[in-house]
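Asks: Take this structure, written in structure tokens, and hold onto it; I'll ask about it next.
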Amino acid sequence: MQGNIVSGERSLDMQTFHKRSAQAAYGLSSMGIGDGDSIALMLRNDFPFLEVTFAASQIGAYSVPINWHYKEKETAYILENSDAKILVVHSDLVPNLPSTITSTLKILAVTTPKEIIDAYSITNTDFTMPSQIIDWEKWRDEQLESEAPPLANRGSMIYTSGTTGNPKGVRRFPASNQLQSAMMERLKLGFALQPGAKALITGPMYHSAPNAYARAIISLGGSLILMPKFDAQQCLQMIEHYSITHMHVVPTMFIRLLQLPEREKNKYNLSSLQSVVHGAAPCPPEVKSEMIEWWGPIIHEYYGSTEAGLITGVNSKEWLKEKGTVGKPLPETEVHILNDEKNNLRAGAIGDIYVNLPTSPGFTYHKDSNKRKEIEVRGLITNGDRGHLTESGYLYLADRRANMVISGGVNIYPAEIESVLITMPGVQDCAVFGIPDAVFGEKLAAAVQVAEGAHLEESDIKNFIANHLARFKIPKLIKFFSTLPREDSGKIFKRILRDNFLNH
């Protein structure tokens, strides 16, 4: 049965989708977009996001997804750094664009659909569109279908968020058909995918994992159901309504699902689910154990990065024997744990994670080849994560090197503390990080969002952590917030929280 793409009450069959992509490819070529050029997208999860992505791949161009939450300065940096010649953007976002961009860049505006307007409570839809901005739907439908043979696929140029400085564009080299086939087999294995899957897209496709997951589903002849914004109850409802078989999630979504009242968790039929894969951040073992108990042994986990792709994988059965692991290396993959002198560490010792690049065309950081050289040692690369390998080859994550707190000469990994604190009754959300300290260099701080109806004191937080972890891992400063700043992907903005602690 032919797949389709669904968003809200709209449905697009694959024949029409590929026709639209071919029309967009023709139109983009007519506008001067060629091999190695960049096309920027500032879109939520919507049909045109995928149409432009597949059109760009046909003509050998890079699609450059931009986080639509960005402020003017952040948006302007990526548009300029990526050398984008065209921007495709949801119409309600046009007033937020930098004026320098609207006057120098070709812009195609996509009508913001009702389901996205509703999900984000968008109100600024009634404004006069500047005359130089092109209507995406009208323009696309006027194009012929491109009949030119596809050029070597370059994929999306994803900008990594970066903990310091500006984000870096991961620019992959062109991939041959043979290499693309090998990459797809790797995605099938790492994402636990099957041809013909009916997948719920829960995260924003401007992030690398949901982006790759959605493209793989289409390439495997499956169907996509797009969530404009993750909502735990709506997720369960959609699984039942669409008989969803496959999902990609992040640990924050597991936590939101588990926090639902029991009556809501038991209300929906989830028997259609065959494979749920998660990654992008460490998952608290207690959270994952509860999810496996609820949904059964269908939960898979991977570890990877925008630069290296998928690196390890583990299914539920293995994970229950090695709780907390992100799995063993996928075929042809090397994982090494190195110390500061770049020597291999023994099993169990925490160090920097370095990996090779199997079934990959290779990459550079756009306009920053020196940064690319800095992350490589003997043909292995790192994305800044730290962890350890067991004797039997299972990888465990500690935290990102940039997140590591050194207090009084002791290395502390906030992810470990967060994984404990998030399981505390009454805690809705949390973040742990380091702030400067005159005596110890750094000290731990914790931002805590209290669940509705709960009441917690600073002493409650400290006592709970003390019952699970060594006392030096108890945050010295604790603040309570009504909500914590997270983007749709589940990523928390620790920089904003850290500034809050430093400025008060």
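The values are calculated or read from the model by the stated rules, or taken from the named source; none is laboratory data. This structure is a prediction, so every number in the text was calculated from the model and none was measured. Every residue, glycine as well, gets a Cβ built from its backbone with ideal geometry; the counts of neighbours run over all protein chains shown. With ligands, DNA and RNA removed, areas are computed over all heavy atoms of the protein, side chains included. Shrake-Rupley method; radii C 1.70, N 1.55, O 1.52, S 1.80 Å.
Asks: Once phi is turned into θ = phi - 60°, what whole-Hz ³J(HN,Hα) does the Karplus curve with 6.51, -1.76 and 1.60 give for every residue of segment 458-467, x standing for Gly and Pro?
Replies: Once θ is set to phi - 60°, the couplings for segment 458-467 become 4, 5, 5, 4, 5, 5, 5, 5, 4, 7 Hz.
Asks: Separation of segment 82-146 and segment 388-449 by C-alpha centroid, Å?
Replies: Here the answer is 41 Å between Cα centres.
Asks: Follow-up question, since we're still on this one. Using 1/(1 + (r/R0)^6) with R0 = 30 angstrom and r between the beta carbons of Leu260 and Thr125, what's the FRET efficiency to the nearest 0.05? Numbers along the way, then the final one.
Replies: Values: r = 31 Å, r/R0 = 1.05.
Here the calculated transfer efficiency is 0.45.
Asks: A follow-up question, please. Probe radius 1.4 Å, ligands and nucleic acids left out: which of Asp141, Asp437 has the largest accessible area, and how do the rest follow? Write out the running numbers ahead of the final one.
Replies: Details: Asp141 90, Asp437 35 Å².
The most accessible residue leads, giving Asp141, Asp437.
Asks: Could you report the chain's accessible area per residue, 1.4 Å probe, as an integer in Å²? Could you put the intermediate results ahead of the total?
Replies: Values: 22210 Å² over 504 residues.
Normalised by residue count, the accessible surface of the chain is 44 Å².
Asks: Of the options Met14, Leu338, Phe363, report the single residue whose Cα projects farthest towards the positive end of the charge dipole of the chain (beta-carbon charges: Lys, Arg +1; Asp, Glu -1).
Replies: Going by the Cα projections, it comes out as Leu338.
Asks: Give the residue list of GluC sites (Glu not before Pro) in segment 400-476 that are DSSP loop and have at most 14 other beta-carbon atoms within 10 angstrom.
Replies: Numbers: sites: Glu416, Glu418, Glu442, Glu452, Glu457, Glu458; in loops: Glu452, Glu457.
Counting only loop positions with at most 14 other Cβ atoms within 10 Å, the GluC sites (Glu not before Pro) in segment 400-476 are Glu452, Glu457.
Asks: Which percentage, to the nearest 5, of the DSSP beta bridges contained in segment 389-504 is antiparallel? It would help to have the intermediate numbers written out before the result.
Replies: Details: 15 of 20 bridges.
If I count the DSSP bridges inside segment 389-504, around 75 percent turn out antiparallel.
Asks: At 222 nm, what helix-only mean residue ellipticity would the chain give, in deg cm²/dmol to the nearest 500, using -39500 (n - 2.57) for each DSSP H run of four or more? Kindly include the intermediate steps, with their values, before the conclusion.
Replies: Working: 17 runs with 156 residues, N = 504.
My calculation for the chain gives -9000 deg cm²/dmol from helical runs alone.
Asks: Quick check: at a probe of 1.4 Å, how many percent of the accessible area of the chain sits on carbon and sulfur atoms?
Replies: The nonpolar share, carbon plus sulfur, comes to 49 percent.
Asks: First check a/c for segment 224-268, with a ≥ b ≥ c the square roots of the eigenvalues of its C-alpha gyration tensor; if it is under 1.5, answer rounded, and if not, answer prolate when a/b is larger than b/c or oblate otherwise. Walk me through the numbers before you get to the answer.
Replies: Details: a/c = 1.89, a/b = 1.21, b/c = 1.57.
Verdict is oblate for segment 224-268.
Asks: DSSP loop (so not H, G, I, E, B), at most 13 other Cβ within 10 Å: list which trypsin sites (Lys or Arg not before Pro) in segment 43-116 pass both filters. Let's see the in-between values first.
Replies: Working: sites: Arg44, Lys71, Lys73, Lys85, Lys106, Lys114; in loops: Arg44, Lys71.
Passing both the DSSP loop test and the Cβ count: Lys71.
Asks: Can you tell me the dipole magnitude for the chain around its Cα centre, using point charges on the Cβ only (Lys, Arg +1; Asp, Glu -1), in Debye to the nearest 20?
Replies: Numbers: 50 positive and 55 negative charges, 157 e Å.
So the magnitude is around 760 debye.
Asks: Could you compute Rg(Cα) / (2.2 N^0.38 Å) for segment 314-391, with N its residue count? Present the calculation step by step, with values, prior to reporting the outcome.
Replies: Values: Rg = 14.1 Å, N = 78, 2.2 N^0.38 = 11.5 Å.
Computed over Cα atoms of segment 314-391, the ratio equals 1.23.
Asks: When the solvent-accessible surface of protein heavy atoms is calculated with a 1.4 angstrom probe, in what order do Leu79, Leu320 fall, highest first? Please list the in-between numbers first.
Replies: Working: Leu79 10, Leu320 85 Å².
The ordering from most to least exposed comes out as Leu320, Leu79.
Asks: Rounded, prolate or oblate: which one fits segment 134-231, using the alpha carbon gyration tensor with axes a ≥ b ≥ c (rounded when a/c is under 1.5, else prolate when a/b beats b/c, else oblate)?
Replies: Numbers: a/c = 1.14, a/b = 1.08, b/c = 1.06.
The shape class here is rounded.
Asks: So, one more: Around Ile66, what is the net charge, scoring Lys/Arg as +1 and Asp/Glu as -1 over all other residues with Cβ under 13 Å from its Cβ?
Replies: Working: positive: Arg44, Lys71, Lys73; negative: Glu72, Glu74, Glu80, Glu487.
My count for the surroundings of Ile66 gives -1.
Asks: Let me ask you something else. Expressed in whole Å with the largest first, what are the equivalent ellipsoid semi-axes of the chain derived from the C-alpha gyration tensor as the square root of 5 times each eigenvalue? The partial results should precede the final answer.
Replies: Values: eigenvalues 263, 133, 122 Å².
Ellipsoid half-lengths, sorted descending, are 36, 26, 25 Å.
Asks: For Cα pairs less than 8 Å apart in space and 6+ apart in sequence, what is the mean separation divided by the residue count of the chain, i.e. the relative contact order in percent?
Replies: After rounding, I find 10 percent.
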